[in-house]
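Just so it is clear, none of the values below were taken in a lab; they were calculated from the coordinates. Keep in mind the model is a prediction, meaning the values are calculated, not measured. As a convention, Cβ positions derive from the backbone with ideal geometry for all residues, glycine included, and neighbour counts pool all protein chains shown.
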Amino acid sequence: MSNEKESDLQLELENRFLTYALSTIVSRSLPDVRDGLKPIHRRILYAMDSIGLNAAAKPVKSAKIIGEVLGKYHPHGDASTYESMVRMAQDFSMRYPLVDGKGNFGSIDGDSPAAYRYTEGKLTPITTYIFNDLKKETVEFQANYDNTIKEPMVLPSRVPNLLINGSSGIAVGMACSFPSHNLSEVMGALTALIKDQDATVAQLMKHIKGPDFPGGGIILNSKTEIRKAYEQGSGAVKIRAEWKLEQLPRGKEQVIIYAIPYGVNKARLIEKIAEIIIGKKLPPLMDVRDESDEKMRIVLEVKTGTDTEKVMTYLLRHTDLENNFQLNFNCLKPNGEPERLSLKEICRYFLDFRKEVVTRRLKYELALLIKRLHILDGFVAIFTELDKALKLIRSSKSKQEAHDKLKKAFKLDDEQVSAILEIPLYRLVSMEVEKIIAEQMEKMKEKKQIKATLKSDKKIWLIVQNELKEIDEKFGDKRRTKIKTIELVEYNAEDFIEHEDAYLVISKNGWLRKFKSLTDPSTLKYKENDNLLATAKANTRELVAFFTSRGMVYVHKVYNLSYTRAGFGEPIQNFFKFADGEKVISMLSLDPAELATIAGKTHPEKKSSSKSNRQTRLGFAGETEGQLEGIAIGSSGYGFRFPITNLTETTKAGRKLMTQKGDNRMIGFSLVTGDHLFMASANGKGIVIPMNQVTVLTGAGMGSRMMKLVESTLAGFKVTPKKGKATLVFDDGKKKEINLKDVRLCNRGGQGVIVSRRKIIVAIE
């Protein structure tokens, strides 16, 4: 076809995406620095004003407002449009709401507003000053989407809406986040900037102390941090809830939270606090209640004698009672370009806009005065020779003839003559003539004043300043958000954990259960092809260690494990990051009382052989003399001892205990409670070696060869006294008990002696 042309695909995509991005930024997501409104908010307010929904009017259904907006100005989704209207009516979202909503417009608990067929709305009194002078040619208008009517490109707002109400939005590659501010403070800063155009951000901050959020709270940032954010147009402020102690009878007290950070959902906050109470992570906190009405009131019931500062510090760190609000001052400049501005630049652009609006208004009023004076000049000319004028009119046969005669006789233009011919007869009386002359004198005086004002920037700025002062006097209020530095009380999270025993049960397939009491683990039910691996008793303030086939150890706080109410428990993988095929092979309570019980309150002999003296003690333990130890053995016959004190809390990734080479895998762990080690291979050989020949490691490693395996793997091991016993478990399920004193004592690394000629050994008990 003749209109086809070739184009580079990449270049075409870049150009079209850039067009889309710019359209999104300008037409949807970023507010204008002048009136502080996005197109959707501007259109909603303009539509409401155009149908007479001012502050004194009777509210109408929101459905009518949304229909007006969609039908004339904003052909997009009704849901997003209604959501924008709702936000302008929420006193917890906007510092100075622009819509007076009647009905359910949502709540700080996250409740959705009622459908727009149920709610009503009108404009609030402050919006009067947003629409002032709109009809005086102070701003440019543009055609709406279907070119049937005009809509303003920006509203001639006297209110610095961008600063006092804030705004947020996400565009393509650009976003904005403006906090709300106190109107009186902003007006003070604007006035200061009028008087001194070279004022710095630091000087403006003598008036604007910082953001002022609708719900109050405490801003914890220093003045330097806030100033830096205002200068750069980006940063963050940390907001904390406010609370007080309320005394109750009998010496009891409760904490009352009466302000929460901006944007926090109150219902979810209370749910989070309730979860902490149910999980017993904060025992001094007994209950949480929401007693809010028009005012915020969250009640925290605490135990008598509780250090409430520590309780609140814990909640601040684990809930949204303290969070950050990001500052990102991206907005549209008067020329339509998006840019990140400083606080001073925002104030400067707003004031320049106000000067422009006032100048255009004065010029509009001057034009009206000149036009009116022109008409009054015609009236005065006629009234000086009224009889002559009446005679000409009466002698005329038509209106046009009278028009022509008056125009010629009195040397008037068409506009003046038309106005004269429209005068009612009663205005020809002498008093009306005097009124016209008086009006002429008054208009001439006004004309002179406006011309003098237009010639003086100082006078124009004085008008701007007086208008700002008027708004401040009418709508200014006290700051709601405090700004101060408060140090958190130091606390230990374990101080809040109750001392109570817990019983842990883990199955061979890794299903973990936690009980407050446990009588008989054998009565528990397990999944198909699964059964008991190990049990452990521990205090909730202590740790529990899990050893796996990959040579890893995972150590976790007992209180962080959830109690099992029903079912088979939780997979151990929910708590840690296990590799594919990794399985738990042993579990150990690190409760000192339980360790003492398991170990029989004894320690193994510590007589080191010459070989053990040569072992390198790695990492962080140092001498192990007198310490309780554990032993880890791999399937290839290698193993080592290590101090139990090395088992400290790990991350979800755990800590490497035994390194793997070839097919070696960790097959077991045991506390060192005897002075000898018995090991048996699958093909029926066994070895007994002195415990003091087992290498001591304090870091990850394979250790030393404990038993040389020939064409076999290690079936199991047991820590025991020399005169102890061990039970061999065979692959057919049968067992055989042997006396270890009958097994020849060997040095480590030997092949051992035959302990069974029958079948394959699969485990040692």
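The long axis of helix 62-72 is offset from the longest Cα principal axis of the chain by roughly 70 degrees. Toward the positive end of the charge dipole of the chain, with +1 on the Cβ of Lys and Arg and -1 on the Cβ of Asp and Glu, the farthest Cα among A274, S635, M174 is that of S635. Quick check for you: which residues of region 549-573 have the amide N under 15 Å from the point 7 Å beyond the Cα of T648 toward its beta carbon? It comes to 555-557, nothing else. The packing ranking of peptides 501-508, 564-571, 148-155, highest mean first, is 501-508, 148-155, 564-571, where packing means the average number of other beta carbon atoms within 10 angstrom of each residue. Counting beta carbons within 10 Å around each of D32, D49 and listing the fewest first gives the order D49, D32.
What per residue convex hull volume, in Å³, comes out for region 355-475 when only alpha-carbon positions are used? Present the calculation step by step, with values, prior to reporting the outcome.
Details: hull volume 17.1 nm³, N = 121.
That works out to 142 Å³ per residue.
Please state the relative contact order of region 497-598 as a whole percent: Cα pairs under 8 Å, 6+ residues apart? So the answer I get is 34 percent. Treating the Cα atoms of region 295-339 as identical point scatterers in vacuum, please give the log10 of the normalised Debye intensity I(q)/I(0) at q = 0.13, 0.18, 0.25, 0.31 Å⁻¹, two decimals. Here log10 of I(q) over I(0) equals -0.54, -0.71, -0.99, -1.12. When the helices of the chain are scored as -39500 (n - 2.57) per DSSP H run of n ≥ 4 and the total is divided over every residue, the value at 222 nm lands at -9500 deg cm²/dmol.
Return H41, H499 ranked ascending by Cβ neighbour count within 10 Å, so the fewest neighbours appear first.
Working: H41 23, H499 9.
Lowest count first: H499, H41.
Checked against a 27 Å cut-off, the cross-linked pairs K58/K363; K136/K443; K38/K150; K514/K759 give Cα-Cα distances beyond that limit for K58/K363; K514/K759. Listed by chain and number, the lysines whose alpha-carbon sits under 23 Å from that of K228, ignoring those within fewer than 8 places in the same chain, are K206, K209, K238, K333, K344, K482, K484. Straight-line cross-link reach from K407 at under 20 Å between alpha-carbon atoms covers these lysines, not counting any fewer than eight positions away in the same chain: K371, K388, K391, K397, K399.
Over region 355-475, Cα pairs under 8 Å with separation of 6+ residues give a relative contact order of 39 percent. Relative contact order of region 242-320: 31 percent, from C-alpha pairs under 8 Å at least 6 residues apart in sequence. If you line up the long axis of helix 457-475 against the longest principal axis of the chain, both from Cα atoms, how many degrees apart are they, to the nearest 10? Long axis of 457-475 versus the principal axis of the chain: about 60 degrees. What do you get for the angle between helix 266-278 and the principal long axis of the chain? Use alpha-carbon atoms, 0 to 90 degrees, nearest ten. Roughly 20 degrees, rounded to the nearest 10. Within region 37-156, all pairs of alpha-carbon atoms sorted by distance into 5 Å bins from zero give the percentages 2, 12, 23, 25, 21, 12, 5, 2, 0.
Counted over all Cα-Cα pairs of the chain, pairs farther apart than 33 Å make up 70 percent. Along each principal axis, taking the top coordinate minus the bottom one, the Cα set of region 242-320 gives 36, 29, 18 Å in descending order. Remark: D100, D530 ranked as D530, D100, counting other beta-carbon atoms within 10 Å and listing the fewest first. Taking region 242-320 as the region of interest, the number of lysine pairs whose Cα atoms are within less than 24 Å, with members eight or more places apart or on different chains, is 27.
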